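To start, the structure itself, in structure tokens.
The values are calculated or read from the model by the stated rules, or taken from the named source; none is laboratory data. This structure is a prediction, so every number in the text was calculated from the model and none was measured. Every residue, glycine as well, gets a Cβ built from its backbone with ideal geometry; the counts of neighbours run over all protein chains shown. Please note that ligands, DNA and RNA were not included when accessible areas were found on the heavy atoms of the full protein model with its side chains. Shrake-Rupley method; radii C 1.70, N 1.55, O 1.52, S 1.80 Å.
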Amino acid sequence: MDLAREFLISQYNGDGKNIEIRIRPPDRRLQLAACAGGLEPFLPSASPIRGRVTLGIRCLQDTAWQIFLAAEVIERVPVLVSRRPLARGRSLRKEDTEWITLDGTRVPAGRVTNPEAIENKIARTYIPAGRPLLPTMFSEPVVVQRDDAVTVMFSDAGLLVSSRGCFRDY
């Protein structure tokens, strides 16, 4: 199994440090001739080395044989998740998040990779604890509240127009 594991690591498109490889051993009832000519691992298809894969092992001698093994390559990636449940409308603070490592095949695309990008943003919906955070889960905070005094300004080519008023609705 070490040969198979080393082969999968060598074929992996990363540094191999953050992966876990599980290889299902062949059936114990399988009677294969001893292989003096050496074993050669191979991939029967050109699929990426991620998630569930099939790995072949063949004997390189006169009594040639080959078997196929089921393997799983789990890439561990850092993911920013909610540390506690977040209610809809709540402003996100740094202490509401934490980094954990998850299986890369189960992590949504477009996840938040920079915690500062969502700090002080408002949760659009309820976010349970442990959920990977996506930018679409948050909106910008409301800057103006109902009945606030506001000044609307417009400038273009040296012209400045301003008007004072009261914010009613948006």
Grab the Cα-Cα distance for ASP156 and THR113, subtract it from 0.36 nm times how many residues apart they are, and report the gain in nm with one decimal. 11.7 nm
Would you mind working out the accessible area per residue for the chain, using a 1.4 Å probe, and quoting it in Å²? 69 Å²
Using only Cα atoms, find the angle between the long axis of helix 2-11 and the longest principal axis of the chain, and express it within 0 to 90 degrees, rounded to the nearest 10. 40 degrees
Between (i) 1.05; (ii) 1.80; (iii) 0.96, which entry matches Cα Rg over 2.2 N^0.38 Å as derived from the coordinates of this structure? (ii)
Ignoring ligands, DNA and RNA, please state the percent of accessible area on the range 84-170 from carbon and sulfur, probe 1.4 Å. 53 percent
List the trypsin sites (Lys or Arg not before Pro) within the range 1-55 that fall in a DSSP loop (any state other than H, G, I, E or B) and whose Cβ has at most 14 other Cβ atoms within 10 Å. LYS17, ARG28, ARG29
Packing-based ranking, highest mean first, of 72-84, 123-135, 155-167, 33-45 given that Cβ atoms within 10 Å are counted: 72-84, 123-135, 33-45, 155-167
Helix-only [θ]222 nm of the chain, DSSP H runs n ≥ 4, -39500 (n - 2.57) each, per residue, nearest 500: -1500 deg cm²/dmol
Karplus (6.51, -1.76, 1.60) ³J(HN,Hα), θ = phi - 60°, over the range 93-105, in Hz, Gly and Pro reported as x: 10, 4, 6, 7, 10, 7, 8, 9, 9, 10, 5, x, 6
Run the quick spin-label model on LEU32 and ASP62: label points 7 Å from Cα toward the beta carbon, then report their separation in nm to one decimal. 2.0 nm
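Give me the extension gain from GLU95 to VAL143: residue separation times 0.36 nm, minus the current Cα-Cα distance, reported in nm with one decimal.
15.0 nm
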Isolated Cys residues of the chain, judged by Cβ distance under 4.7 Å to other cysteines: CYS166
Can you give me the long-range amide H partners of PHE138? Hydrogens built in the peptide plane at 1.01 Å from N, cutoff under 5 Å, separation of 5 or more residues or another chain. ARG124
Could you identify which residue out of ILE49, ILE67, ILE21 has the top mean-square fluctuation in a GNM of the chain using Cα springs shorter than 10 Å? ILE67
